[in-house]
There are 2 protein chains.
Amino acid sequence: MIRVADNLQIVNPIIHAALKDRNPAPIRDLVIRCEKAGAQAIDINSGPLTRNPSGDMVFLVEAVQSVTRLPLLLDSTNPRAIEAGLRLGGSRFIINGFSLEPRKIEAILPLAGRFDVEIIAYLLYPDSRVPSDETERLRIALMVYEAFQKTGLPGDRLIIDPVIAPLMWENGNIQDMGTLSVIRNLPDLLGFPVRTIAGISNLTTGPGPAARKRLLEAAYIPMLAASGLSFALMNMFHELPVAIARACEALADPGIFTYEALDG
Amino acid sequence: MIRVADNLQIVNPIIHAALKDRNPAPIRDLVIRCEKAGAQAIDINSGPLTRNPSGDMVFLVEAVQSVTRLPLLLDSTNPRAIEAGLRLGGSRFIINGFSLEPRKIEAILPLAGRFDVEIIAYLLYPDSRVPSDETERLRIALMVYEAFQKTGLPGDRLIIDPVIAPLMWENGNIQDMGTLSVIRNLPDLLGFPVRTIAGISNLTTGPGPAARKRLLEAAYIPMLAASGLSFALMNMFHELPVAIARACEALADPGIFTYEALDG
């Protein structure tokens with residue numbers, strides 16, 4: 001299970017200001033700290049970037065690339081921003097992402113084919129509604145895969161995000177238990193070793209005591225890991241969930257186990 | 001997933017002295033603290049009790065029963081000790097346990113039938129060797145179930161312990177990943193909703209830093225929970241694993257989720 005930092009977000013005022021001022025230092029600092037904390041990939045969550053999508057994304061990606069060689073997730077709803085990032089080259093890029101929403105199928109999904117890169121597919125309805133159970137998620141996975149196949153890319157370019165339901169939703173936790181089966185059953189359903197990603201912070205969206213949120217995330221991460229999750233998108237500064245994610249890796253490691261493995 | 005305290009052990013010098021002196025106070029104190037920490041059942045690990053098996057077990061059980069109404073696991077290799085405990089009545093008893101070892105099949109397993117109580121079956125070879133992978137564990141499960149059926153008891157009296165391998169063993173962690181499938185597949189294999197138990201402390205048997213042991217246990221517990229484990233036998237004074245086990249319960253709870261659920 002690869003740990004992907006979700007820390008680099010344009011909604012973070014420090015990052016927002018750094019982008020506006022074209023000052024790469026705070027971005028570099030954040031990425032260095034994420035990698036030190038155990039990040040194995042960096043999600044560049046740029047939001048829609050409406051004013052200058054290409055220039056902004058180029059600035060962000062270059063700032064990140066100046067301090068790391070980790071894979072980068074280009075996380076934007078703006079296809080021009082994603083394309084500008086992909087054009088830079090120099091990193092393993094993953095497009096984050098598309099869904100059944102028509103404008104994403106039309107404008108974002110084709111970029112994966114053109115640049116031959118991996119792309120994340122969200123199991124959401126065309127109007128971005130979250131499916132309400134395991135059956136709906138599997139049905140949407142079939143539709144998403146059908147759309148993906150039109151790119152002509154092999155299945156190993158696809159990463160499916162089953163979308164974790166917030167615990168504050170009615171039946172959110174029950175949906176999340178069902179999502180474990182979704183992750184486990186996708187390879188059988190689609191006929192190849194489908195990779196998956198999940199955004200851990202979704203689980204505890206909304207009000208609630210921080211320590212309990214971290215504990216619930218820490219309990220859910222090993223369930224996801226045991227179900228075969230490939231990527232965990234998470235806040236690298238949340239110590240308990242990160243330590244637990246590392247412990248999951250040590251438990252699943254086919255090499256000789258040592259307690260030092262927890263150092264990552 | 002029911003939390004079973006493994007704290008009451010005759011190898012604990014305080015408990016050993018209490019038994020020798022027929023002083024119930026330290027036993028009562030320990031059980032009260034376990035229940036406060038969230039124990040939902042108590043394992044009375046009396047060891048073989050060679051000198052006065054009946055008298056010793058009666059003393060232990062009565063000391064425990066004087067402060068709790070929780071289910072009690074009678075954990076001994078001595079059938080006379082187990083029988084003496086069962087004769088007392090007054091609690092839900094679970095025999096812990098039998099295996100394919102001939103003298104256990106002959107002397108311990110029949111007690112479950114005679115007293116109509118639940119019994120734990122360890123997936124071990126007749127010579128007590130631990131099976132080395134998932135296939136061996138499932139094969140032994142079939143043999144254990146065959147022996148169990150001769151008691152005439154229904155399947156809901158059987159609880160299977162797949163035996164967690166210590167991480168310090170060669171391939172121990174890989175065995176433990178396989179054990180998750182064993183737990184998941186037992187109901188299909190035996191044709192009824194087979195309940196399971198696992199001794200969490202087995203995972204980290206041997207030398208190693210305590211904090212890392214607790215972290216690995218905390219990572220493994222949700223994997224077991226997500227695989228359908230019914231009972232987790234654990235040290236109730238290990239805060240992180242216990243908090244994580246509670247969080248697993250909150251995640252799986254079909255009722256309305258609240259952060260207060262973590263209080264148990």
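The values are calculated or read from the model by the stated rules, or taken from the named source; none is laboratory data. None of the values given here were measured: they were computed from a predicted structure. Note that each Cβ is placed from the backbone with ideal geometry, even for glycine, and that neighbours are counted across all protein chains shown.
Just the residues that are among the polar types (S, T, N, Q), more than 12 Å from A:LEU251 (Cβ to Cβ) and crowded, with 20+ Cβ neighbours inside 10 Å, please, taken from the stretch B:155-201.
Scanning the stretch B:155-201 gives a single hit, B:THR196.
Please enumerate the residues belonging to the stretch A:79-95 that are under 16 Å from the mean Cα position of the chain (by Cα) and either farther than 18 Å from A:THR50 by Cβ or among the acidic types (Asp, Glu) (or both).
Of everything in the stretch A:79-95, those that are under 16 Å from the mean Cα position of the chain (by Cα) and either farther than 18 Å from A:THR50 by Cβ or among the acidic types (Asp, Glu) (or both) turn out to be A:ARG92, A:PHE93, A:ILE94, A:ILE95.
For residues that are touching a strand residue (DSSP E or B) at 6+ places or on another chain (Cβ under 6 Å) and more than 26 Å from A:LEU180 (Cβ to Cβ), tally how many sit in the stretch A:112-143.
Matching residues across the stretch A:112-143 total 2.
Here is a list of conditions, (1) in contact with a strand residue (DSSP E or B) (Cβ under 8 Å, 6 or more places away or on another chain); (2) closer than 30 Å to A:LYS213 by Cα, and B:GLY255 meets all of them except one; can you say which number that is?
(1)
Can you find a residue in the stretch B:204-212 that is within 9 Å of chain A (Cβ to nearest Cβ), surrounded by 22 or more Cβ atoms within 10 Å (Cβ to Cβ), assigned to a helix (DSSP H, G or I) and out of contact with any Asp or Glu (no Cβ under 7 Å at 6 or more places or on another chain)?
Scanning the stretch B:204-212 turns up no residue that is within 9 Å of chain A (Cβ to nearest Cβ), surrounded by 22 or more Cβ atoms within 10 Å (Cβ to Cβ), assigned to a helix (DSSP H, G or I) and out of contact with any Asp or Glu (no Cβ under 7 Å at 6 or more places or on another chain).
Confirm whether B:ILE244 is farther than 30 Å from B:GLU101 by Cα, within 13 Å of another protein chain (Cβ to nearest Cβ) and modelled with pLDDT under 95.
no
Report, by residue number, each residue of the stretch A:156-188 that is of a type in the set (Asp, Glu) and either touching a His at 6+ places or on another chain (Cβ under 6 Å) or not in a helix (DSSP H, G or I) (or both).
Once the filter is applied, which keeps residues that are of a type in the set (Asp, Glu) and either touching a His at 6+ places or on another chain (Cβ under 6 Å) or not in a helix (DSSP H, G or I) (or both), the stretch A:156-188 yields A:ASP161, A:GLU170.
Does the stretch B:95-105 contain at least one residue that is assigned to a loop (DSSP other than H, G, I, E, B) and without any contact (Cβ under 8 Å) to a residue 12 or more places away in the chain?
Kept after step one, since they are assigned to a loop (DSSP other than H, G, I, E, B), are these residues of the stretch B:95-105: B:99-101.
Applying the additional criterion that residues be without any contact (Cβ under 8 Å) to a residue 12 or more places away in the chain yields none.
No, the stretch B:95-105 contains no residue that is assigned to a loop (DSSP other than H, G, I, E, B) and without any contact (Cβ under 8 Å) to a residue 12 or more places away in the chain.
Mind telling me which of the residues A:ASN7, A:ASN23 ends up being at pLDDT 95 or above and either surrounded by 22 or more Cβ atoms within 10 Å (Cβ to Cβ) or farther than 29 Å from A:GLU249 by Cβ (or both)?
Values: A:ASN7 fails: either surrounded by 22 or more Cβ atoms within 10 Å (Cβ to Cβ) or farther than 29 Å from A:GLU249 by Cβ (or both).
Exactly one of A:ASN7, A:ASN23 is at pLDDT 95 or above and either surrounded by 22 or more Cβ atoms within 10 Å (Cβ to Cβ) or farther than 29 Å from A:GLU249 by Cβ (or both), namely A:ASN23.
Would you please name the residue that is farthest from the other protein chains (Cβ to nearest Cβ), looking only at residues in the stretch B:213-241 that are among the aromatic types (Phe, Trp, Tyr) and surrounded by 21 or more Cβ atoms within 10 Å (Cβ to Cβ)?
B:PHE231
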